[in-house]
Amino acid sequence: MKVLLVDDNQQVMETLTDYLELSGVQVDCAYNGVSALSMLKQQSFDVIVMDIMMPKLDGISTVQQIRQELLCQTPVLFLTAKDGLVDKEAAFEAGGDDYLVKPFALKELQLRLEALSKRGMRQDLSTLVLGDVTLDLQSLSASKGDRPLKLSRIQLQILKLLLQKSPAVVSRQYLTEQIWGDEEPASDVLRSHVYAIRNQLSPQQERPALETLHGQGYKLVL
């Protein structure tokens with residue numbers, strides 16, 4: 001599990017990082033909302049832990065931008081000393097998935113993170129956008145600029161996973177597990193679908209919008 005901790009209190013961050021890493025969790029830290037948004041544009045996480053009261057950009061505003069501008073579907077756990085009902089209501093309306101009030105037991109935090117990670121990405125964001133590529137999750141249709149992309153259902157599902165994880169590299173194993181589960185297809189099936197997606201995204205262009213990183217996986221460069 002890979003977690004992004006967002007909190008301006010260095011002591012809190014060190015305590016949480018030490019505990020979670022001992023539990024096998026990979027932890028990255030951001031000390032304000034602006035830094036968190038920058039990190040989320042560069043990499044993906046399984047869960048985000050968000051404080052509310054921070055300099056530069058508070059937690060509520062940060063999560064609003066995560067949902068509305070980045071269209072990031074990563075589960076968010078608010079971790080804060082603000083325990084009022086109004087605060088909790090604002091947190092959930094902004095796009096939060098869970099709320100834990102300080103002080104708290106570290107074990108409870110770990111259990112909540114595991115539950116959110118197992119639940120997976122939110123499914124209520126109707127559109128994914130990256131560069132000039134748009135994927136409508138309700139109609140499961142895609143376009144690049146004004147041009148519709150002619151993709152099969154499986155290819156649209158692959159594109160969805162690539163968009164959700166962008167700009168991270170998505171492994172072949174991850175795509176195979178998400179699309180086909182335990183029924184792994186022949187070795188060239190995924191490669192054929194990726195080839196079709198690449199041709200639709202970058203017809204007759206020298207620089208492909210979907211790159212293959214040998215031994216690592218696939219990455220969108222839009």
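The values are calculated or read from the model by the stated rules, or taken from the named source; none is laboratory data. Computed from a predicted model, the values in this text were never measured in an experiment. So basically every Cβ, Gly included, is an ideal-geometry build from the backbone, and we count neighbours across all protein chains shown. Side chains are part of the model used for accessible areas, which takes the heavy atoms of the whole protein and leaves out ligands, DNA and RNA. Shrake-Rupley method; radii C 1.70, N 1.55, O 1.52, S 1.80 Å.
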Note to self: Looking only at the stretch 128-152, filter to residues that are open to solvent by less than 40 Å² (accessible area, probe 1.4 Å) and within 23 Å of ALA94 (Cα to Cα); which one of those is nearest to the chain's Cα centre (by Cα)?
What the structure shows: LEU128
Checklist line | Members of the stretch 91-100 that are assigned to a helix (DSSP H, G or I) and either among the basic types (Lys, Arg) or open to solvent by less than 40 Å² (accessible area, probe 1.4 Å) (or both) | finding: ALA91, ALA94
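Matching residues to (1) assigned to a loop (DSSP other than H, G, I, E, B); (2) touching a Lys or Arg at 6+ places or on another chain (Cβ under 8 Å):
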| site | (1), (2) |
| --- | --- |
| LEU135 | no, yes |
| LEU159 | no, no |
| GLN173 | no, no |
| THR176 | no, no |
| LEU190 | no, yes |
| ILE197 | no, no |
| PRO203 | yes, no |
Margin query: Checking PRO103 against (1) under 19 Å from the mean Cα position of the chain (by Cα); (2) closer than 23 Å to THR62 by Cβ; (3) open to solvent by 50 Å² or more (accessible area, probe 1.4 Å): exactly one of these is not met. Which one?
Written below: (1)
Notebook entry, point to check: Out of (1) at pLDDT 95 or above; (2) under 24 Å from PRO167 (Cα atoms); (3) charged (D, E, K, R), what's the single condition that is false for ASP46?
Noted result: (1)
Check: Looking at (1) at pLDDT 90 or above; (2) crowded, with 16+ Cβ neighbours inside 10 Å; (3) in contact with a strand residue (DSSP E or B) (Cβ under 9 Å, 6 or more places away or on another chain), which is the only condition SER38 fails?
Finding: (2)
